[in-house]
Amino acid sequence: MIKATPKPLEEIINYVKDFNKILVAGCDGCVTVCEAGGMKEAKVLGSALRLYFTQAGKDHEVVETTVTRQCDKEYLAELKDMVENADAVVSIACGCGIQYLTEMYNDKIVFPGVDTHFMGINADRGIFEERCAGCGQCVLASTGGICPIARCSKRMLNGPCGGSEAGKCEISKDTPCGWHLIYERLEKLGQVDRFTQPVDPKNWRTSRDGGPRVIIREDLRKAEPQHGSAHS
Amino acid sequence: MRLQYPTDIHIIKVPCTGRVDLFHLLQAFEQGADGVFVAGCLEGDCHYMHGNLYARKRVERAKEILAATGIGRDRVEMYNLSAGQGTRWAEICREFDERIRNLGPSPIRFAHEKKAA
């Protein structure tokens with residue numbers, strides 16, 4: 001899921017300090033799981049903002065809510081009255097949710113309340129690790145299920161590089177070398193012959209190199225009205 | 001034991017300090033508390049394994065938030081003591097009460113009183 005962390009409170013206060021009516025909008029999706037933008041975090045942020053405004057002697061009205069997903073307009077529509085009643089919105093959804101909320105309520109000022117980082121896993125309580133870079137062309141089948149794009153610091157397709165030492169990446173002794181992990185895994189599977197041939201360059205147009213991406217799944221699209229049908 | 005401690009301390013009982021959420025601490029300040037302390041079991045002695053350690057982390061986070069909001073980080077504290085340490089309990093209450101009295105009333109209480117007047 002998408003992983004985010006709360007922005008420093010000082011930064012959020014700085015965004016909203018000149019507004020009176022503030023809506024803190026959380027999301028029940030990914031950011032709830034990583035405890036950055038769910039109902040609990042919305043209540044904490046709302047409470048913190050009320051404390052700030054009260055001690056500063058400023059008139060204010062801070063309300064908190066969450067929607068099932070801020071990346072769906074059907075759920076964002078539920079916020080209509082609350083957004084209209086607010087001078088500014090602090091969205092603590094991921095970057096996608098914040099932007100979609102902004103698109104839906106174009107005349108309202110929307111501030112981000114979290115920093116969105118990556119797609120990752122919950123390694124342990126409070127530990128989130130990146131696993132997928134969303135490159136648009138999955139290579140896990142040939143790398144033992146370990147992603148060289150997300151887990152190699154250089155995103156190499158033919159690793160490891162010279163910076164790999166004792167299984168660690170040169171960027172930090174705490175970062176496992178992705179290609180070392182791939183080698184160990186392929187060795188277990190008896191597939192190290194993969195290393196005898198260099199892999200062809202990847203088509204990076206499916207990644208960010210191709211600009212903002214759109215997926216159109218015709219099989220999922222709404223059916224067009226059929227002319228001459230019994231119900232027309 | 002008939003120990004004396006300040007009467008203005010309002011006790012909220014919870015089954016374990018692990019139940020105390022960050023939101024509860026902030027809400028107490030929103031409602032005008034001058035200070036809040038969390039009294040958990042001795043570290044390593046939690047009946048629910050780690051409740052008191054989680055509580056300490058939440059108190060630390062509350063300190064950061066209270067500092068950022070202008071309330072002040074010293075108005076919230078975590079203490080650890082066992083159910084058999086009545087003397088220490090009274091001592092903590094006196095110590096915290098004195099600390100808060102030195103800090104003065106919470107600015108939130110001032111704001112509430114001003115609004116009500």
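The values are calculated or read from the model by the stated rules, or taken from the named source; none is laboratory data. In this text the structure is predicted, and so the values were computed from the model without any measurement. Using ideal geometry, Cβ is built from the backbone for each residue, glycine included, and neighbour counts are taken over all protein chains shown. For accessibility, only protein heavy atoms count, side chains too; no ligands or nucleic acids. Shrake-Rupley method; radii C 1.70, N 1.55, O 1.52, S 1.80 Å.
A few remarks follow.
- Accessible-area value, A:Leu181, 1.4 Å probe, nucleic acids and ligands omitted, Å²: 50
- Coil-residue trypsin sites (Lys or Arg not before Pro) of the stretch B:1-43, DSSP, other Cβ within 10 Å capped at 13: B:Arg2, B:Lys13
- If R0 is 35 Å, the Cβ-Cβ spacing of A:Val139 and B:His50 corresponds to a FRET efficiency of close to 0.30.
- Amide H to amide H, with H built 1.01 Å from N, B:Val36 comes under 5 Å of B:Val76, B:Glu77, counting only residues 5 or more places away or on other chains.
- Residue by residue, the stretch B:74-87 carries 3J(HN,Hα) couplings of 7, 7, 10, 8, 10, 10, 10, 7, 8, 5, x, 9, x, 4 Hz when phi is fed to the Karplus relation 6.51 cos²θ - 1.76 cosθ + 1.60 (θ = phi - 60°); x denotes Gly or Pro.
- Karplus-derived 3J(HN,Hα), 6.51/-1.76/1.60, for each residue of the stretch A:201-206, Hz, glycine and proline x: x, 8, 7, 7, 5, 7
- Taking amide H atoms as placed 1.01 Å from N in the peptide plane, the amide H of A:Gln70 lies under 5 Å from those of A:Asp28, A:Gly29, each 5 or more residues away in sequence or on another chain.
- Anisotropy class of the stretch A:1-43 from Cα gyration tensor, a/c 1.5 cut: prolate
- Measuring against 26 Å, Cα to Cα, the residue pairs A:Lys40/A:Lys108; A:Lys3/B:Lys57; A:Lys168/A:Lys202; A:Lys40/A:Lys173; A:Lys173/B:Lys63; A:Lys17/A:Lys43 contain A:Lys40/A:Lys173; A:Lys173/B:Lys63 as the ones spanning a longer distance.
- The accessible area of A:Ser153, taken with all protein chains in place and a 1.4 Å probe, comes to roughly 60 Å².
- Protein heavy-atom accessible area occluded, B/A pair - total, 1.4 Å probe, Å²: 1400
- For the stretch A:67-99 versus the stretch B:1-57, the gap between their alpha-carbon centres in whole angstrom: 35
- Separation of the stretch A:182-232 from the stretch A:1-53 is 35 Å, based on Cα centroids.
- Counts of other chain beta carbons within 10 angstrom of each beta carbon in peptide B:105-112 average 3.
- Label-point separation, B:Glu60 to A:Ala123 (7 Å along Cα→Cβ), nm: 1.9
- For the stretch A:17-28, 3J(HN,Hα) per residue [Karplus equation, 6.51 cos²θ - 1.76 cosθ + 1.60, θ = phi - 60°, Hz, x = Gly/Pro]: 4, 9, 9, 9, 9, 10, 9, 9, 10, x, 9, 7
- For B:Lys115, the lysines whose Cα comes closer than 19 Å to its Cα, not counting residues fewer than 8 places off in the same chain, are A:Lys21, A:Lys58.
- Accessible heavy-atom area order of A:His180, B:His10, highest first, probe of 1.4 Å: B:His10, A:His180
- Close amide H contacts of A:Lys21 (hydrogens built in the peptide plane, cut-off under 5 Å, sequence separation of 5 or more or a different chain): A:Glu61, A:Asp87, A:Ala88.
- Simple Cβ-charge dipole of the protein assembly as shown, Lys/Arg +1 and Asp/Glu -1, about Cα centre, in debye nearest 20: 340
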